[in-house]
1. Relative to the longest principal axis of the C-alpha atoms of the chain, give the angle of the C-alpha long axis of helix 2-15, reported between 0 and 90° and rounded to the nearest 10°.
2. Which value in nm describes the separation of the simple spin-label points at Leu11 and Ser73, placed 7 Å from the Cα toward the beta carbon?
3. Where the only charges are on Cβ atoms (+1 Lys, Arg; -1 Asp, Glu), what is the dipole of the stretch 2-131 about its Cα centre, to the nearest 20 debye?
4. Mind scanning Lys13/Lys84; Lys84/Lys121; Lys24/Lys84 and naming the pairs with a C-alpha gap bigger than 25 Å?
Amino acid sequence: MTEDYDKRLALGKQRGSHGRQQDKGVLVIRTIAMPADTNPAGDIFGGWLMSQMDLAAGNMAARVAQGRSATVSVEAMQFLQPVKVGDEVTLYATLVHVGRTSIRVHVDVWARPRQSDNGQKVTDADFVFVALDKTGVPRPVFEDS
Ligand SMILES: CC(C)(COP(=O)(O)OP(=O)(O)OC[C@H]1O[C@@H](n2cnc3c(N)ncnc32)[C@H](O)[C@@H]1OP(=O)(O)O)[C@@H](O)C(=O)NCCC(=O)NCCS
């Protein structure tokens with residue numbers, strides 16, 4: 001059983017371009033936090049960050065599933081530092097588990113003030129996706145499992 005998980009994870013990492021993996025994961029999205037993304041206090045809205053994280057994890061899940069997939073859960077999310085307008089926001093994704101139909105991706109988010117070299121981690125979370133067939137029913141990530 002453990003061998004199956006290891007094999008699926010290795011195959012998934014090939015599909016998810018882990019050849020380009022750095023210490024923090026695969027760089028999937030880099031963007032700039034804009035004034036339209038703020039909360040009433042003037043910092044960046046947590047919901048905007050969560051949306052970017054879902055996009056980053058979903059991007060990797062789509063490559064691993066090689067087809068449609070849906071977010072089924074978001075776990076262990078924590079906000080460590082606020083993100084400010086103008087910050088460069090970078091999202092790194094790491095494939096951590098491939099089940100029969102599910103794909104778990106860890107996302108780390110780093111923010112760098114516009115005029116500084118010092119970025120810091122601002123949030124992270126695990127996203128679980130389920131590979132779906134054309135009718136929206138879960139399907140195996142790999143044909144032979
Ligand atoms: C995704 C969906 C089709 C899964 O249906 P389901 O009946 O729960 O499917 P299953 O019970 O067969 O589970 C499928 C896989 O997901 C995993 N899973 C299900 N719920 C989970 C949860 N809450 N957390 C982690 N994994 C979960 C199962 O363990 C299983 O993994 P495995 O095959 O690798 O062992 C269904 O929940 C759904 O349509 N959800 C809405 C998805 C959506 O709209 N997302 C966007 C929200 S805006």
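1. Helix 2-15 sits roughly 60 degrees off the main axis of the chain.
2. Label at Leu11, label at Ser73, 2.4 nm between them.
3. Once rounded to the nearest 20, the dipole reads 460 debye.
4. The pairs that break the limit, which is 25 Å between Cα atoms, are Lys13/Lys84.
Read the figures in this text as sums done on the coordinates, not as results from a lab. Worth saying up front: this structure is predicted, and the values here are computed from it rather than measured. Counting neighbours? That spans all protein chains shown, and the Cβs are built from the backbone with ideal geometry, glycine included.
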